[in-house]
Every structure is written in C-alpha cells, then in structure tokens.
Amino acid sequence: MIGMFSALRLILQRELLLSLRRPDQLLQPLVFFLIVTTLFPLALSPQLSLLRDMAPGVLWVAALLSSLLSLDALFRGDAEDGTLEQLALSGQALSVIVVGKTVAHWLVSGAALVVMSPLVAIALGIPLAAFPTMLASLALGTFTLSWLGAIGAGLTVGLRRGSVLLSLIVLPLAMPLLIFGANATDRAIAGVNPAGAMYFLAALCVFTATLAPFAATAALRITLE
Amino acid sequence: MWTWFYKLASPPYVYRVAALLAPWLLAAAALLIGYGLIDGLLFAPPDYQQGNAFRIIYVHAPAAWMSLFAYTTMAVAGAIGLIWHIKMGHAVAAATAPIGASFTLLALVTGSLWGRPMWGTYWAWDPRLTSELILLFLYVGVLSLRPAFEDQGRGDRAAALLALVGVVNVPIIHYSVLWWNSLHQGATVAKFGRPAMPGSMLAPLLSMLAGFMLFYGAVLCQRLRGEVLNRERQSVWVREAMKS
C-alpha cells in the first residue's frame, strides 16, 4: 500500500502523460477559445477602442466556455473503461484520486488557457500594464472552475448525454467568478487598483478548493456505486 | 418523540398525514391570502413616491421569500435523505423543487411588472432580480438532474447533493451580484430598501407572507402524496389504498 502523496503523484503523472499522448484533446479547447474570441470583433466592431471596453467580458466568457468543453471528459473516459472503479477499489481514498485528476485537468486546460491568453489579449487591445492582473485572475478563476466542474462532472458521469446538463449545472455556480474576474481585469485596464476583486477571487478559489473535493467525491460515489 | 420521527420516515404514514393536513392548510392559506389581498390592494394607503404601483409588493415579496425558503427546504430534505437514507426526505425534496421554481418565476414576473412603471422598462439588471434569475437557473439544474438518471435512488442522491452545493452558493452569488451592480452603476434606480413601513401597509404584507407559507405547505402535501404513491407503486399498501 503506497502513501497518499505518492498516490497523488502517480495519478498526476498518469493524467499528464495521457493528455500528452493525445495532444489534440489538449489543443482543441484552446483553439475553441481563440475562435470564440474572434467571433466578437466580427459580430461587434473591429475598433480597438470599442473592443477594449468589452475585452474583459469577452475574454472571461470565452475562458469559461472553453474550460467547460474539456470538463465533460474529466471522469468519463475512466468511468467507461472501468479504470475509475479500479481506482476506487484500490484502497486509496477516492478523494485523493479526485484531487489528482482535477489538478491534472487544470494543468492541461486552465493553465494552458492562461498561457494562451496574452495572444487574445493583444488582439482585443488590452494594454500590457493589465497583463499581470489578467493572468493572475484567469489562473485563479480557471482553477476554481475546475473544482466546480469536478462536482458537475462527478454528478453527470454516468449519464449518456451529460455534457449539456453539465453546463447547465456548472455555469450558474461559476457566475461569481465571472463577476470578479472580469471586474479585476476591467479595473486593471482602466488603471484602477484591482486588489478588491482579486481578493474576492482568491477567497472563492480557496473556499471552493477546500470544500469541492468532498462534494466531487460524494458525487462520484453516487454515480459509481 | 423519536417514535414520531421514525413514523415520518414511513411512506403510508406520510401519505395519510399529508392527506389530513392539506385541506386545513389550504383553508388557512385562502383566509390569510384573501385578507392580505383585499386589505393590501384596496385599503392600504398608496405609497407617497410609488403611488399604487407599490401594491405588487404584496405578491412579489412573499414569492421572493418563498423561493429562497423552498430552496433551503429542498436542500435540508435532500440532506436528510442523503445522510440518514430516509426515502421520504428525497420525496419531500422532489415535491418541493417544482413549487420553489414556480415561486421564483412568480417573483421574477412580478418584479419585472413592477419595473415597468418604476424604471420604465420590464427588465433592468437590478441586483435582486438578477440573483433571483440565477436562483431560477439553480432550480432548473436540480429539476433536470433528477430525471436524467434511470435509477431513481441515484437521481435522488445526485439532486440532493446538487441542492446542497447550491445552497452553499446562494449567498455567495447573491452578494457577488450585489457587488457587481453597485460597481457598474450607481444607485440611479429607486431601491427596494424600504424605510419602516406603517402598520397599515405592513399588516397585509405579513398576512400574505404567512398565507404563502401555508399555501406552500398545502401544495407540498398534495405533491408529496403523488410522489409517495409513485415511488411506492410496487408495494402492497398502495394497492390496498387504491382499491378502497
């Protein structure tokens, strides 16, 4: 019987290796993120001054939607081929497995999205001075979203058409993230101190990352048993 | 006391008690809502700023209050079902969800009707209306999750867990929406924040509140009976109850 932390490390390793072996699954949500942000200038106006006012909202909505895309696959593949049941029977706490899988999911979807976001930010006319705030808020926001999504994915993993239901469940819960994240970026663009919104975002992140593992584990138990 | 508690977990007992309670609750609700409507709509003095338009508060405020109350009830009942494996907890949660969603919808519709004379538009992104709208989305999530499972027990437990996650998030969503709106636009709009109401306005409102509570109880009893019958349709007592 291996210890909790080595189990966590092994799960992380396995998940990261699996997603590196299937790079298309890693890239598709990022390309989706790019495409969605391209839609807005086409639909609204190509004027950078106008786009800059809407940039935080566009960026955040696109980030939420593209993170949702990959959430459906968080437990599905492992649940369908029985790996998840084996992991649950392995004697390790199921919550350790959930934590490992969710953190790995954030690393390949959320963190990748954060790395990608400056490209989109430049195209939307966000000034360079606002980049640190934008990156930090996106990092906190996508991490929190991965946790909220883990609850939703755990609840819908046994369902055949769970992906729409997953969005329906997770998006209302993610609305505070959108409010504070877009507001922090907005303030940074306007040159106002964004600390207030960032603190709220960090508080939500810590709160969700503390409680969501238990909820996601309970959700998975309901669908697995 | 404990025997009473155990009895509440037994479907035939719940079925009988709900049948006994429903007409009394409905009659009391009709009395209180009747008084509240007549006094509130006809006799309470008009507001000095809003004129007669404020009278929609007699439907709007109780509906908004009930929307939150029903959500909390649903989460607590679901938690009882989840923790102690009491099937009747899930039955109460399942019976409550559509009622709560209807109250939320009623609060949204009356709120937007009130907005027409006050704001000049049917929909303003007022923080309270917005968080009520998000509450409706949360209800829709719970309502669509339960029937998505083929196995009823799983659907029940999943919906209960989602309701619990939701009930933790409701205050967070409410306050973040308040914060969002107070930053984006100042208090250009007349807020609900009401100074102390005179008794002649308050009495019908309280009566409406109590009436809505009782009405909710009556509808819950009726829906619960249907829910219990449907869940226990394989059992002997249901067949016997249906014969007689």
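Observations, loosely collected:
- Likely footprinting exposure, B:Met201, B:Met208, fewest C-beta neighbours within 10 Å first: B:Met201, B:Met208
- Nearest-ten-degree value, helix B:11-38 long axis tilted from longest Cα axis of chain B: 20
- Here the simple spin-label model places points 7 Å from the Cα toward Cβ, and for A:Ser163 and A:Arg221 these points are separated by 3.0 nm.
- With all projection directions averaged, the alpha carbon convex hull of chain B covers 15.6 nm².
- Overall dimensions of segment B:64-112, expressed as equivalent-ellipsoid semi-axes from the Cα gyration tensor (√(5λ), whole Å, largest first), are 25, 9, 5.
- When the helices of chain B are scored as -39500 (n - 2.57) per DSSP H run of n ≥ 4 and the total is divided over every residue, the value at 222 nm lands at -27500 deg cm²/dmol.
- Alpha-carbon geometry of segment B:1-56: the Rg and the Dmax are 19.8, 55 Å, given in that order.
- Plainly put, segment A:43-116 has a radius of gyration that is 1.21 times its Kirkwood radius, both from alpha-carbon atoms, as the Rg/Rh ratio.
- Average 1/r across all pairs of distinct alpha carbons in segment B:1-119, invert it, and you get the Kirkwood radius: 16.8 Å.
- Centroid-to-centroid, using Cα positions, segment A:105-161 and segment B:97-149 are 28 Å apart.
- If you take all other residues with their beta carbon under 12 Å from the beta carbon of B:Leu68, and give Lys and Arg +1 and Asp and Glu -1, the sum is 0.
- The Cα-based radius of gyration of segment A:13-87, divided by its Kirkwood radius, gives an Rg/Rh of 1.17.
- Here the scattering of chain A is modelled by Debye summation over its C-alpha atoms, one equal scatterer each and no solvent; at q = 0.08, 0.11 Å⁻¹ the log10 of I(q)/I(0) is -0.30, -0.55.
- Take each residue of peptide B:159-168, count the partner chain Cβ atoms within 10 Å of its Cβ, and average: the result is 4.
- Shielding of peptide A:158-166 by partners, expressed as the average count of other chain Cβ atoms within 10 Å per residue Cβ, is 3.
- Rg/Rg_globular for segment A:1-126, with Rg_globular taken as 2.2 N^0.38 Å and Rg from C-alpha atoms: 1.31
- Chain A: angle of helix A:131-156 to the longest principal axis, Cα-based, in degrees nearest 10: 40
- Helix A:163-190 and the long axis of chain A differ in direction by around 40°, with both axes built from C-alpha atoms.
- The base-10 log of I(q)/I(0) for the protein assembly as shown, evaluated at q = 0.13 Å⁻¹, reads -1.23 [Debye formula, identical scatterers on Cα atoms, solvent excluded].
- For the segment A:171-178, counting C-beta atoms of other chains within 10 Å of every residue's C-beta and taking the mean gives 6.
- Legend: calculated FRET efficiency, B:Ile83 to A:Tyr199, from the Cβ-Cβ distance at R0 = 45 Å, rounded to 0.05, equals 0.85.
- Estimated from the Cβ-Cβ distance and a Förster radius of 35 angstrom, the FRET efficiency linking B:Arg16 and B:Thr72 is about 0.85.
- As a calculated quantity, the FRET efficiency between B:Leu31 and B:Asn52 at R0 = 22 Å, using C-beta atoms, amounts to about 0.35.
- Along its three principal directions, the equivalent ellipsoid of segment A:111-225 from the Cα gyration tensor extends over semi-axes of 31, 15, 10 Å, largest first.
- Over segment A:1-49 - Rg/Rh using Cα atoms and the Kirkwood inverse-distance radius: 1.37
Computed from the coordinates by the stated procedures, all read-outs in this text should not be read as laboratory data. Fair warning: this is a prediction, and the values are worked out from it, not measured in the lab. With ideal geometry, Cβ positions are generated from the backbone for all residues, glycine too; neighbour counts draw on all protein chains shown.
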